[in-house]
Amino acid sequence: MLTDMESKKITYAVDEIISISVYDDTGRLMSYEMDQIRFDTLSNSLSRSDVSLLPNFRDYPVILDENGFFSFSYGPRNPPVIIPYTVYVEYTTYGNDCDVKTSSDKLKFYDLYDDYINVFVFGDSIAAGAHTPSQYFYGFDNDSFSGLLRNTFIDLGIAGEVNNLAIIGGTTSFMNNNYLDAIYSDADLVIIELGMNDHINGLTPGSSDQFRDDISEVVSNLLSEKIDVILI
């Protein structure tokens with residue numbers, strides 16, 4: 001989120017800026033020319049140029065309640081103006097600064113299964129892909145890690161299915177009530193990404209032991225059905 005002409009440091013060492021884009025408030029992808037930003041190779045940072053048409057996050061209206069606190073709606077938790085003010089920069093990185101493994105290395109676990117792998121994902125807004133453009137504007141999970149895993153299967157010619165049962169606000173209670181879907185659907189692998197909403201909502205008040213026990217019970221039941229489990 002670029003503000004005025006302030007520099008924002010990029011995490012990885014950038015070789016070349018390829019494209020710049022934002023989503024407008026209708027979900028349309030807007031592309032911009034390279035003169036819209038300034039890229040400093042020495043500091044590995046970028047900023048809006050003095051003639052930039054890119055959204056200025058300084059214009060982001062901050063709304064406080066009468067007590068001076070932010071008031072967020074539920075789902076999405078953050079104000080809707082955030083997505084249109086996010087600038088997406090595509091770039092290449094120096095090879096010697098990144099430890100990139102081949103796709104086959106990333107998916108070696110697939111060798112553990114037969115000709116087809118059936119994956120189920122249980123999780124919260126992170127796994128559901130909340131605040132990604134495809135979910136935010138269209139309700140799709142293409143940009144979630146479930147969607148990316150699904151696309152990777154397609155790209156590598158892996159026969160399989162990724163069923164994303166994650167929901168915004170997901171908790172262990174939701175998983176406990178729905179994990180049997182994975183068993184009845186002959187899942188090979190279940191990925192579980194939960195915890196933050198249990199903590200925020202106090203569904204396991206003051207008891208990390210209760211949270212652990214709830215997760216452990218589901219994992220034990222899945223393992224007893226010969227279903228592999230990955231905890232995130």
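The values are calculated or read from the model by the stated rules, or taken from the named source; none is laboratory data. Being a predicted model, the structure only gives us computed values, none of them experimental. Note that we place each Cβ from the backbone using ideal geometry, even for glycine, and neighbour counts take in every protein chain shown.
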- prompt: Among the residues of the range 142-155, is any on the phi > 0 side of the Ramachandran plot, touching a helix residue (DSSP H, G or I) at 6+ places or on another chain (Cβ under 9 Å) and not assigned by TED's automatic domain parsing to the domain that holds TYR88?
  reply: no
- prompt: From the set of residues in the range 105-137 that are assigned to a helix (DSSP H, G or I) and among the hydrophobic types (A, V, I, L, M, F, W, C), which is modelled with the lowest pLDDT?
  reply: PHE109
- request: Please work out if THR41 is surrounded by fewer than 15 Cβ atoms within 10 Å (Cβ to Cβ), more than 24 Å from the chain's Cα centre (by Cα), under 15 Å from THR92 (Cα atoms) and not hydrophobic (A, V, I, L, M, F, W, C).
  value: yes
- prompt: Does the range 138-173 hold any residues that are closer than 21 Å to GLY27 by Cβ, aliphatic (A, V, I, L, M) and either part of a helix (DSSP H, G or I) or free of Cβ contacts under 8 Å to residues at least 40 places away in the same chain (or both), and which are they?
  reply: LEU148
task: Look at ALA182 and say whether it is surrounded by 14 or more Cβ atoms within 10 Å (Cβ to Cβ) and either outside the structural domain of ASP25 (by TED's automatic domain parsing) or of a type outside the set (Val, Ile, Thr) (or both).
output: yes
- prompt: Under the condition of being loosely packed, with under 15 Cβ neighbours inside 10 Å and at pLDDT 85 or above, which residue from the range 9-20 is farthest from LEU53 (Cα to Cα)?
  reply: LYS9
- request: Could you tell me whether the range 206-221 includes any residue that is crowded, with 20+ Cβ neighbours inside 10 Å, of a type in the set (A, V, I, L, M, F, W, C) and not assigned by TED's automatic domain parsing to the domain that holds TYR88?
  value: yes
